[in-house]
Structure formats: structure tokens, C-alpha cells
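The values are calculated or read from the model by the stated rules, or taken from the named source; none is laboratory data. Owing to the predicted nature of the structure, the values given are computational and were not obtained by experimental measurement. Don't worry about glycine lacking a Cβ; one is built from the backbone with ideal geometry, like all the others, and counts go over all protein chains shown.
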Amino acid sequence: METIILKGKPVSLKIKDDLSLKISDLKKNNIIPSLAAIIVGDDAASKLYVSSKAKAFSKLGCHSEVFELPSDTSEHSLKEFIEDLNNNDKFHGILLQLPLPKHLNEKDILKNISPSKDVDGLHPENQGYIMQGDPRFIPCTPLGCLKILDYYNIETKGKDIVVIGRSNLVGKPIASLMSQNFSFGNGTVTLCHTKTKNLHFYTKNADIIIAAVGVPNLIKSDMVKEGSHIIDVGINRINDPTTQKGYKVVGDVDYESMLGKVASVTPVPGGVGIMTVTMLLSNTVDAAYNQSL
Ligand code: NAD
């Protein structure tokens, strides 16, 4: 079987084309979609993610500012910082880069972002809207996965879908969305996690697998059904002395072993990751539009 490689780039380019029109419309009304990104501490990976997000914003004529706070920032001062951004009309979206240093309670702090500026879709109000089938902001990575499925015409209706991983950021929202009565949903969804007995049993019977686990190459070809579709969300660094950096990035899926067996698979890198940034742009443009009404 020929396996289709579900590259993120063409999907992202199409979405950016559509966004350009919306951005020009907003500009006619002197509105430039703007994102405030907060990083607490010195995590190199977080800084890299945020700078790639900032680049994507400026390429499309949007604005973003990165606020770097020291790693010993207190919960109180971080909440005050967020409150100032909530009240600052210049910014339509606020992104709090995770993970936060250990002394900060992520769930508690995320509640302080104004739900109308919560472009990462992690505020409980926005997660509640997803559960109720009336999403306001869908977290960027699940939204990116759905856009990939849509672009490549992968039918979800009536399909057996296995989501692996139950984070608020990826697993739970995508499992909820794909089980609901949406054009990209109507699947029969099983949510697997660390306490799932015999993961193999579920993956082997799935028409579509969404892997959001954080374990390099966990899903092997003997765990999947021939002709299934695989969306690999994982981004894992593994040692590789043959590369200049000494490491390489792999997904949660043993990509090479899937080729020839499954109908389609996303590559890592080059699949879902690129979509996450694009959907952040999209959510920020939507936020700017909604706030202009
Ligand atoms: P997380 O650590 O919050 O959640 C991981 C989930 O996987 C947990 O719910 C856990 O129950 C489950 N899990 C762990 N080991 C398992 C196992 N052996 N079997 C079954 N389930 C298992 O992670 P997350 O934030 O959801 O991210 C998951 C992965 O996706 C990570 O590699 C992360 O880097 C990546 N990620 C990628 C993007 C992107 O843009 N592509 C965005 C967010 C996260």
C-alpha cells in the first residue's frame, strides 16, 4: 500500500492564504492582530517555540511581543502581569508558554487569562465550551490535527478513533471534538492513557490514531491496522551522535515502520508541529475580529 505523507506545510499555506484576507480586512479598520506571549524562566525549548511563533506572526503582518519573566516570579506577580495584559487593548491574544517553573500552579494561573484572549484554549471556560459542542477557541494543536484530516479528506464519521494521551492541551480536547456531531467528528472515540491495559488491542482496531504521548517511537507498525490513518503529535528529542546537534526529533510513532502499511501518516518534524503555530495565528485573528465587534 502506498502511504500518503500528511505534510503540514500545504495545509498551513492554505490556512495562511485565507487568514491574509481576514488580516487585510482588519487592517482596513486599523486593527493588527496582536499576541502577548509570556515565558517564565529560562527553558531553552520554550524560548525557541515562542520565537518561532513570533516569526510566523510578523511574516503575516501580525504583531507579537514576548515577555520574559524571571524563573522566581511569584504566582501573585504573574497573575498581576496577566491582568495588565487582559486590560491592554493592544493585545487580542495571550499565550502563557508551558511548562511553568514548579512553584507555579499552571491550572490556577491559566484561569486568570481573559477567556476572550485565551487563544491557546486552555481556560476552563473555553474547555467547557468544547465539551458543550460550541467551541470558542480550540487549543492550537488539536485544531491543527483536525485541519490536517480535513485537508487530506480523511473521513472521521463512523470511524473508530483512538486518541493516546489525555492532556488538557491535546488528548482530551481532540477526543471530545472527534466524538461530537461536527463535520470533523462523529467518530467512535477511545481515549487511552498510562493506565490503559493492552494499548495494542485498541490501536490495532483503530481506523484513525492520534498519538499525543511524549514517548519516542511508542507506536510500532505491529500495533496498527493496515490502511489506517496516523496523526503523530509527539515531539521528542533523542540522542543521535551522527547529527551536528547530537540529537534528533522524533514523534510518538515509529514513522519508518508505518510506510507501506498505513494509508497515511504525519511526519515529525513537518506534520502537526507547523500546524500548531498556524492555528495560534488563526485563533489570534479570530480574537482580534471578535474584539472589534
Ligand atoms: P502530557 O505529558 O501532558 O500528556 C501525555 C499523555 O500521554 C498523558 O495523558 C499520559 O497518560 C499519556 N501517556 C504517557 N505514556 C503513555 C503510554 N506509555 N501509554 C499510553 N499513554 C501514555 O503531554 P502533551 O502536552 O499532551 O504532549 C504529548 C506529546 O505531544 C509530547 O511529545 C509533546 O512534546 C507533543 N506536543 C506537540 C505539539 C505540536 O505542536 N506538535 C504540541 C503539544 C505537545
Show the residue pairs meeting these rules: Cβ distance below 6 Å; 6+ apart or different chains; first residue within the stretch 189-215 and more than 18 Å from residue 231 (Cβ to Cβ); second residue more than 9 Å from the ligand (Cβ to nearest atom).
200/223
Listed by first then second residue, the pairs whose first member lies in the stretch 114-140 and is in the same structural domain as residue 175 (by TED's automatic domain parsing), whose partner is modelled with pLDDT under 95 and part of a loop (DSSP other than H, G, I, E, B), with beta carbons under 7 Å and at least 6 positions apart or on separate chains, are none
Given the criterion modelled with pLDDT of 95 or more, of a type outside the set (D, E, K, R) and within 15 Å of the chain's Cα centre (by Cα), identify the matching residue among 139, 124.
139
Among the residues of the stretch 192-210, are any over 18 Å from the mean Cα position of the chain (by Cα), closer than 21 Å to residue 144 by Cα, of a type in the set (Ser, Thr, Tyr) and within 16 Å of the ligand (Cβ to nearest atom)?
no
Would you mention how many residues in the stretch 239-270 are within 14 Å of the ligand (Cβ to nearest atom), under 15 Å from residue 203 (Cα atoms) and surrounded by fewer than 21 Cβ atoms within 10 Å (Cβ to Cβ)?
1
Listed by first then second residue, the pairs whose first member lies in the stretch 263-274 and is free of Cβ contacts under 8 Å to residues at least 40 places away in the same chain, whose partner is in a helix (DSSP H, G or I) and of a type outside the set (A, V, I, L, M), with beta carbons under 9 Å and at least 6 positions apart or on separate chains, are 268/255; 269/8
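Condition check ((1) among the β-branched types (Val, Ile, Thr); (2) not assigned by TED's automatic domain parsing to the domain that holds residue 220) across all residues:
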site: 252; (1), (2): no, no
site: 255; (1), (2): no, no
site: 260; (1), (2): no, no
site: 264; (1), (2): no, no
site: 268; (1), (2): yes, no
site: 279; (1), (2): no, yes
site: 282; (1), (2): no, yes
site: 290; (1), (2): no, yes
Looking at 28, 7, 14, which one is surrounded by fewer than 13 Cβ atoms within 10 Å (Cβ to Cβ) and farther than 30 Å from residue 76 by Cβ?
28
Do we find that residue 163 is more than 14 Å from residue 251 (Cα to Cα) and either among the β-branched types (Val, Ile, Thr) or in contact with a helix residue (DSSP H, G or I) (Cβ under 7 Å, 6 or more places away or on another chain) (or both) in this structure?
yes
Yes/no for residue 214 being within 8 Å of the ligand (Cβ to nearest atom) and either farther than 30 Å from residue 89 by Cα or assigned by TED's automatic domain parsing to the domain that holds residue 35 (or both):
yes
Hits in the stretch 224-238 (condition: within 9 Å of the ligand (Cβ to nearest atom) and crowded, with 24+ Cβ neighbours inside 10 Å)
232, 233, 234
Check off (1) surrounded by 18 or more Cβ atoms within 10 Å (Cβ to Cβ); (2) under 30 Å from residue 265 (Cα atoms) for residue 153 and give me the number that stays unchecked.
(1)
Expected single match for at pLDDT 95 or above, closer than 21 Å to residue 285 by Cα and among the basic types (Lys, Arg) among 79, 117 is 117
Of these, 56, 36, which one is under 19 Å from residue 280 (Cα atoms) and within 17 Å of the chain's Cα centre (by Cα)?
56
Look at residue 280 and say whether it is within 22 Å of residue 10 (Cβ to Cβ), in contact (Cβ under 8 Å) with a residue 24 or more places away in the chain, more than 10 Å from the ligand (Cβ to nearest atom) and of a type in the set (A, V, I, L, M).
no
Heads up, the helices (runs of 4 or more DSSP H) in the stretch 66-150 (entirely inside) with at least 1 residues that are within 15 Å of the ligand (Cβ to nearest atom) are 106-110, 124-131
Just to verify a result, which residue in the stretch 162-188, among those that are within 16 Å of the ligand (Cβ to nearest atom) and assigned to a loop (DSSP other than H, G, I, E, B), is farthest from residue 231 (Cα to Cα)?
168
Return yes or no: is residue 82 β-branched (Val, Ile, Thr) and under 17 Å from residue 137 (Cα atoms)?
no
